[in-house]
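Take a look at the structure set out below.
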Amino acid sequence: MKVQGKIFKYNDNVDTDVIIPARHLTSADPEVLKLHCMEDIDPDFVNQVKAGDIMVAGKNFGCGSSREHAPIAIKASGISLVIASDFARIFYRNAINVGLPIMECPEAYEGIMPGDEVEADFDTGTITDKTTGKVYKATPFPEFIKKIIDAGGLVTYTQQKTGDN
């Protein structure tokens, strides 16, 4: 599977309170959460993001509280992939659980600029900056994680496997 989109770029240590401010956690509805995604760090994000766009960030993306609202808000906003130097472990797991594709690639963070057009291939881990022509390599997900993401998250994947809809 491949995705392609415009880049929104953020620095190191973007925590879950920045991704979705705690004052908006009165709802778990993705349609409500997406309206406030990144608003404290990038007030124009929700008005500029389009379905398929890609987020790139530095080290320790998703640190802070272990709430699943953060990857839900990002996914609901239309972001098709988050590429980071590395992720806070709880965010990494929560992203997979909700079906938000993520890739770790420090070189991509260093080279890709805001507004670049980027294509990523989940099967090979190849990240291509269409704007500059540079190619980066992330470790592709194992097959079982790709199946969870393809299903839209762990709950849907489990329901499909057990026939319990």
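The values are calculated or read from the model by the stated rules, or taken from the named source; none is laboratory data. Just so it is clear, the structure is predicted and the values come from calculations on it, not from any experiment. In this analysis, Cβ positions are derived from the backbone assuming ideal geometry, glycine residues included, and neighbour counts consider all displayed protein chains. Please note that ligands, DNA and RNA were not included when accessible areas were found on the heavy atoms of the full protein model with its side chains. Shrake-Rupley method; radii C 1.70, N 1.55, O 1.52, S 1.80 Å.
Put simply, of Asp17, Asp12, Asp86 the only residue that is open to solvent by 50 Å² or more (accessible area, probe 1.4 Å), acidic (Asp, Glu) and within 13 Å of the chain's Cα centre (by Cα) is Asp86.
Please work out if Ile41 is within 20 Å of Phe87 (Cα to Cα), open to solvent by 70 Å² or more (accessible area, probe 1.4 Å) and of a type outside the set (Ser, Thr, Tyr). When the stated conditions are applied, Ile41 passes them. Selection of first residues in the range 107-118 that are under 11 Å from Ser85 (Cα atoms) and of second residues that are surrounded by 14 or more Cβ atoms within 10 Å (Cβ to Cβ), restricted to Cβ pairs under 6 Å at least 6 apart or on distinct chains, gives the following pairs, ordered by first then second residue: Glu107/Tyr136; Ala108/Ile83; Ala108/Ile127; Ala108/Tyr136; Tyr109/Val56; Tyr109/Gly58; Tyr109/Ser85.
Going through (1) touching a residue at least 60 places away in the same chain (Cβ under 8 Å); (2) among the basic types (Lys, Arg); (3) surrounded by fewer than 16 Cβ atoms within 10 Å (Cβ to Cβ) one by one, Lys50 falls short only on (1). The set of residues in the range 136-165 being of a type in the set (Gly, Ala, Ser) and out of contact with any Cys (no Cβ under 8 Å at 6 or more places or on another chain) consists of Ala151, Gly152, Gly153, Gly163. The C-beta contact set for the range 11-38 (first residue closer than 19 Å to Ile90 by Cα, second residue among the basic types (Lys, Arg) and part of a loop (DSSP other than H, G, I, E, B), distance under 6 angstrom, 6+ apart or interchain) comprises Asp12/Lys59; Thr16/Arg67.
Return yes or no: is Ile127 in a strand (DSSP E or B) and touching a residue at least 24 places away in the same chain (Cβ under 8 Å)? In short, yes. Kindly indicate the residue of the range 53-82 that is over 22 Å from Asp129 (Cβ atoms) and touching a Lys or Arg at 6+ places or on another chain (Cβ under 8 Å) and also most open to solvent (accessible area, probe 1.4 Å) among those meeting that condition. Taking the candidates together, the pick is Ala76. Scanning the range 113-141 for residues that are in contact with a Ser or Thr (Cβ under 9 Å, 6 or more places away or on another chain) and either at pLDDT below 95 or surrounded by 14 or more Cβ atoms within 10 Å (Cβ to Cβ) (or both) turns up Asp116, Glu117, Val118, Glu119, Ala120, Asp121, Gly125, Lys134, Tyr136, Ala138, Pro140. Does the range 90-103 contain any residue that is of a type outside the set (Ser, Thr, Tyr), open to solvent by 50 Å² or more (accessible area, probe 1.4 Å) and within 24 Å of Thr128 (Cα to Cα)? Within the range 90-103, not a single residue is of a type outside the set (Ser, Thr, Tyr), open to solvent by 50 Å² or more (accessible area, probe 1.4 Å) and within 24 Å of Thr128 (Cα to Cα). As a summary of the residue check, Phe144 satisfies the conditions (1) surrounded by fewer than 13 Cβ atoms within 10 Å (Cβ to Cβ); (2) in a loop (DSSP other than H, G, I, E, B) except for the one numbered (2). Among the residues making up the range 95-116, those that are within 25 Å of Asp44 (Cα to Cα), within 16 Å of the chain's Cα centre (by Cα) and not in a loop (DSSP other than H, G, I, E, B) are Ala95, Val98, Ile102, Met103, Ala108, Tyr109.
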